[in-house]
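The values are calculated or read from the model by the stated rules, or taken from the named source; none is laboratory data. Everything numeric here is computed off the predicted structure, so don't read it as measured data. Virtual Cβ from ideal backbone geometry, glycine too; neighbours counted across all protein chains shown.
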Amino acid sequence: MFTGIITAKGAVTGVERRNGLVRLTIDAPYEAEGIEIGASIAHEGVCLTVVEKAPIQAGARYLVEVAPESLALTTMGDLQTGDTVNLERSLKLGDELGGHIVQGHVDGLGEVLSVVADGEGWRVRIAPPAQIAYLIAPKGAVAVNGVSLTVNEVDEEGFGVLVIPHTWGVTTLSRLKAGDKVNLEADMMARYAARLLEGRR
């Protein structure tokens, strides 16, 4: 379980394709001693399991494996050596819930329609996949590449979010441009509410 508050950016230092899986090597500014084998870390909003780790001068180097389903639903299969990814460690009891409840289970890929400066922030418009469009509501929450954001507007074309300068600077959202694909996870509360309504019908 996560909050959508990014705690670090990691560097992809290795990509290996093996038996349908993609094995990613990540360099992160986390202490290696604090990462357990089997730990869950969200990468661009995708929950992945640490299978190997080692200390490095700048923190930790660890390995995660991406399964075929995640490769089909997310941007993980497009990552290359040298890319940067948003990272978030899983929640512990007593941690502050600063964003919203994020599971790290991406619902699908959205397409960036536009990125426009708006005052000191940036307004990003995204077209979601049809299967989750109805779960995105004004003033609701959505995770974009693992970042918890508030939906400012919704129309037939898609939805818009306003990214503040701090979030722009400490996440990979600053590299977005029109046409890019982004990992989207709808708000868990909206998902369960929709499921309950379906059951009643």
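Numerical summary
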{"quantity": "Any chance V147 is of a type in the set (A, V, I, L, M) and at pLDDT 95 or above", "calculated": "yes"}
{"quantity": "Leading residue by the ranking (surrounded by the most Cβ atoms within 10 Å (Cβ to Cβ)) among those in region 98-108 that are of a type in the set (G, A, S) and in contact with a strand residue (DSSP E or B) (Cβ under 7 Å, 6 or more places away or on another chain)", "calculated": "G104"}
{"quantity": "L73 touching a Ser or Thr at 6+ places or on another chain (Cβ under 9 Å), hydrophobic (A, V, I, L, M, F, W, C) and either closer than 25 Å to M189 by Cβ or outside the structural domain of V46 (by TED's automatic domain parsing) (or both)", "calculated": "no"}
{"quantity": "Pairs where the first residue, in region 105-127, is within 22 Å of A42 (Cα to Cα) and β-branched (V, I, T) and the second is at pLDDT below 95 and not in a loop (DSSP other than H, G, I, E, B), C-beta under 7 Å, 6+ apart", "calculated": "V106/L73"}
{"quantity": "Residue within region 34-42 that is in contact with an Asp or Glu (Cβ under 6 Å, 6 or more places away or on another chain), surrounded by 14 or more Cβ atoms within 10 Å (Cβ to Cβ) and modelled with pLDDT of 95 or more present", "calculated": "yes"}
{"quantity": "For L97: the one exception among (1) in a strand (DSSP E or B); (2) in contact (Cβ under 8 Å) with a residue 40 or more places away in the chain", "calculated": "(1)"}
{"quantity": "Odd one out for Y30, checked against (1) within 16 Å of V12 (Cβ to Cβ); (2) over 16 Å from the mean Cα position of the chain (by Cα); (3) outside any loop (DSSP other than H, G, I, E, B)", "calculated": "(3)"}
{"quantity": "Residue that is farthest from L79 (Cα to Cα), among those in region 5-21 that are of a type in the set (A, V, I, L, M) and crowded, with 19+ Cβ neighbours inside 10 Å", "calculated": "I5"}
{"quantity": "Qualifying positions in region 2-23 - free of Cβ contacts under 8 Å to residues at least 40 places away in the same chain and not in a strand (DSSP E or B)", "calculated": "N19"}
{"quantity": "From V147, V170, V163, V151, residue being touching a Phe, Trp or Tyr at 6+ places or on another chain (Cβ under 7 Å) and in contact (Cβ under 8 Å) with a residue 40 or more places away in the chain", "calculated": "V163"}
{"quantity": "Tally of residues being in a loop (DSSP other than H, G, I, E, B) and within 14 Å of the chain's Cα centre (by Cα) across region 56-94", "calculated": "4"}
{"quantity": "Members of region 109-129 that are in a strand (DSSP E or B), surrounded by fewer than 19 Cβ atoms within 10 Å (Cβ to Cβ) and of a type in the set (G, A, S)", "calculated": "S114, A117, G121, A127"}
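For (1) part of a helix (DSSP H, G or I); (2) hydrophobic (A, V, I, L, M, F, W, C); (3) surrounded by 12 or more Cβ atoms within 10 Å (Cβ to Cβ), each residue gets a yes or a no:
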residue	(1), (2), (3)
L135	no, yes, yes
A143	no, yes, yes
T150	no, no, yes
E153	no, no, yes
T167	yes, no, yes
